[in-house]
1. Does A:V122 satisfy being in contact with an Asp or Glu (Cβ under 7 Å, 6 or more places away or on another chain), among the aliphatic types (A, V, I, L, M) and closer than 24 Å to A:Q188 by Cβ?
2. Kindly indicate whether A:T44 is under 24 Å from A:M159 (Cβ atoms), part of a helix (DSSP H, G or I) and away from chain B (no Cβ under 14 Å).
3. Among the residues of segment A:191-209, are any surrounded by fewer than 24 Cβ atoms within 10 Å (Cβ to Cβ), farther than 24 Å from A:G56 by Cα and of a type in the set (D, E, K, R)?
4. For segment A:180-199, indicate whether the set of residues that are within 14 Å of another protein chain (Cβ to nearest Cβ), in contact (Cβ under 8 Å) with a residue 12 or more places away in the chain, on the phi < 0 side of the Ramachandran plot and not in a helix (DSSP H, G or I) is non-empty.
5. Starting from segment B:239-251, take each residue that is among the aliphatic types (A, V, I, L, M) and list its partners that are outside any helix (DSSP H, G or I), counting only C-beta distances under 8 angstrom and pairs at least six apart or across chains.
6. Just for helices (runs of 4 or more DSSP H) wholly inside segment B:139-206: which have at least 2 residues that are hydrophobic (A, V, I, L, M, F, W, C) and at pLDDT 95 or above?
7. Residues in segment A:15-22: is at least one at pLDDT 85 or above and within 14 Å of another protein chain (Cβ to nearest Cβ)?
8. Between a residue in segment A:145-161 that is closer than 13 Å to A:V232 by Cα and any residue that is in a helix (DSSP H, G or I) and of a type in the set (F, W, Y), which pairs come within a Cβ distance under 9 Å, given they are 6 or more apart or on different chains?
Amino acid sequence: MKKYLMIYKESMRVSIASAATYRANFILHSIITLLGNIVFPLVTLLIYGSGASFEGWSMYEVLLIQSIFTMSTGLSNMFFGGMVWNTMEHVREGTFETVLIKPVDCMFYLLATNFGIHSFGVVAGGMVVFIISLVHVGNATIVMWLQFLLLFLMGLFVMLGMELLMAATSFKWVANSRIPEMYGSVRQFGNYPQTIFNKSIIYLTSFILPVGMIGFFPASALLGRLEWWMLVSIFPCILFLMLGIWVYRYMVRLYEGVGG
Amino acid sequence: MNNIKHRFEVIKAVALVTYKEWSAYRTHSMVSIFVGPVYFLVQYFIWNAVYGNQGAALHGLELEQMLRYYGAIALIGYLTMDFADWNLQMLVHSGKFLTFQLRPIHHRFFALSQKLGHRVLGFLFEFLPCFLIFQFIFKIDMIPKYLGFTIISILFAFFMNFYVNYCIGLSAFWLVQASGIRNVFQALSSVFSGALIPLVFFPDFIQKLLFFLPFQYTTYVPAMVFSGSYTLAGISMSIPQIVLLQGIILLLTIGLSEVLYRRAIYRFTAAGG
């Protein structure tokens, strides 16, 4: 365990050092992602600004959902967002052997070495909007905060599971660089109040591909709008992560290299 | 005349090779058949919820017009999509740009020909299937009001996107790693091109400012020409007028790209390519 922690720490250090090589580029990138994520709920602001609304939802409630969604996706990008690209690149180039011969678990190694500091701006931007929204929607109790943290963690489980599943497809479907786009499009359903969608989409985004857990469900906990079926959705999230890990480990065995 | 004929032959050859090269990754393009309609579905529910609550038109747009707008945005995107900035900055960053300096062809012309081939593929595997899905599954009327002007406007947007992105890519001659400035531009473009929401929703002073920035000419203008009417910052223009303005802005952008290219080329250094 200590060895793995050391590896992760070292990988984070390398990622930061690497970003510092092109300092101007990194600073520009961080500022724009920070600003970009402060204005990300632009559509919501413009809709409410024009006098329209999502029925039953105040502007700050919607912003709370979207800020949680942003923080969650930012953390996901930072800690495991590079998994897909890196696995894909290794398979395409035929260099996955260089990962397999290392004396550590290959899945952990790829997760650690793909730590991406560049997504810090996304998390920070999301947090700014999160705090502003929270100030406007009122206080949450300790129980609500605990529910929020649990559901937020489940949202991260979903995203890690999805990253692993997408990465796993690379072993058979080489150069599938647009797979994340497919996931990204479905993930958008978690960025809005689920009440605006029809029942089949709510069912799909709660129990089949539980992207509702990325933004909407944790926000519902903080807003005191949590319902029992949202908690049931925790199980598909855990299953999703387990499925991702299992499929990735299985697909690694199917890798056919060409010498590295 | 011979020069034009020669250029046409070059475009044809490069576009054909690019088409064949990317045809090997057809499924790559066909992912749009899933992604486009899913994004559209999200917009469909958002705007149904908003209009369901509102009832009346928003900024002069009825629900059906709004849905047509998002459909048009998606389809135009498939025809004008461009990554000339990424390509150029990669060539400069890696030093491979040197190989283009040795060829008897201007790199920008080569890149434009590549884009042409790439977008023919986009037309077949992205535009056509999504057009049919929007038209027959979502039952949104995707036939433009003025077909001729819409085609001209999309062509202008195609070139505008390319030349603007090429200018951004040229920044790599100064910065080497230009992904930061690319991200800045892309973030601004995603907001101010009209891809996110019709520009008439923005505050008035931003709408006025957008006349002087390149963003609306790549997306909002062709989408509004498709819709059959154009308004921004309270200024309504006839379709021929706005298409003419788009053409003038395109010419200015081409000029800017030439000036930047001439300055940039003096800064180029490479170590063997």
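1. Considered against the rule, which asks whether it is in contact with an Asp or Glu (Cβ under 7 Å, 6 or more places away or on another chain), among the aliphatic types (A, V, I, L, M) and closer than 24 Å to A:Q188 by Cβ, A:V122 comes out as no.
2. So A:T44 fails the test.
3. No; the residues of segment A:191-209 include none that is surrounded by fewer than 24 Cβ atoms within 10 Å (Cβ to Cβ), farther than 24 Å from A:G56 by Cα and of a type in the set (D, E, K, R).
4. Scanning segment A:180-199 turns up at least one residue that is within 14 Å of another protein chain (Cβ to nearest Cβ), in contact (Cβ under 8 Å) with a residue 12 or more places away in the chain, on the phi < 0 side of the Ramachandran plot and not in a helix (DSSP H, G or I).
5. Close Cβ pairs satisfying both conditions: B:I239/B:Y146; B:I239/B:G228; B:I239/B:S229; B:I239/B:Y230; B:I242/B:Y230; B:L245/B:M237; B:I249/B:P214.
6. B:147-170
7. no
8. A:L151/A:F217; A:M154/A:F217
The values are calculated or read from the model by the stated rules, or taken from the named source; none is laboratory data. Values in this document were obtained by computation on a predicted structure and should not be read as measured data. All Cβ positions, glycine included, derive from the backbone under ideal geometry; neighbour counts span all protein chains shown.
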